[in-house]
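These notes are about the structure you will find just below.
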Amino acid sequence: IARNVLATRAALGIDDVTSVPVNFGSLSTSDVESDIDPIRNADAGAEIRAVTDEIGVPVVVGAVLSGTRAPDGTLVRGPRNTAIVWVPGVGPTGTYTKRHILPFGEYIPLRPVARAVSPLVDRVTDFEPGTGSGVLPAGPVRLGVVTCYEVVFDDAVRDAVRGGADLLTVPTNN
């Protein structure tokens, strides 16, 4: 991955910061589509750290942060679709969690109606939306992060610009 990122940066003349797809954890650890929390999964975190250190500039990594359940199984905090800034030699320094989550992709709207159509709907855990402007310091720039589907919402882009973003990035795995 580092070799590909370095080649792309060289071809585009980018020297200060790099952004990678939403599911970097899944790209770095297997060919299977899965979301790995690089904060909780030491192997995924180590791979991201190694790539970031080799690249030598801050990297914006897309990840799904795991949810948390109480001992009785009750959901305390849902999973989050999150952009993480990894700084070489330091690790994660800032996060932005997607505010506008995707219906049927990241949460089930009208769950009682959906349950009448399929009892399997309760196997889906709703993601938790984030808050904030989406502005992340990443080395010499302040990035405005608008994740995937969220780009269709004017307020997400406007808040990042008004929050002081120097550059907008739209991480997606589409």
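The values are calculated or read from the model by the stated rules, or taken from the named source; none is laboratory data. Since this is a predicted model, take the numbers as computed values, not measurements. We place every Cβ from the backbone using ideal geometry, glycine too, and count neighbours over all the protein chains shown. Protein only, heavy atoms only, side chains kept; ligands, DNA and RNA dropped before computing areas. Shrake-Rupley method; radii C 1.70, N 1.55, O 1.52, S 1.80 Å.
Data overview
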item	result
Distance (nanometres) between label positions extended 7 Å along Cα→Cβ at R3 and L110	5.0
Solvent accessible area, Å² - D159, 1.4 Å probe, full protein context	50
Length added when fully stretched, D154-D122, from 0.36 nm per residue minus Cα-Cα	8.4 nm
Equivalent ellipsoid dimensions for region 85-174 as semi-axes, Å, which come from the Cα gyration tensor, largest first	31, 15, 9
Sequence of E47, E150 from largest to smallest accessible area, 1.4 Å probe	E47, E150
Amide hydrogen neighbours beyond the local backbone of L168, cut-off 5 Å, H modeled	G144
Area projected by the alpha carbon convex hull of region 51-107, averaged over all directions, nm²	5.2
Environment charge at E150 (Cβ cut-off 10 Å; Lys +1, Arg +1, Asp -1, Glu -1)	+1
Area of Y107 that stays accessible when all protein chains are in place (1.4 Å probe, Å², to 10)	70
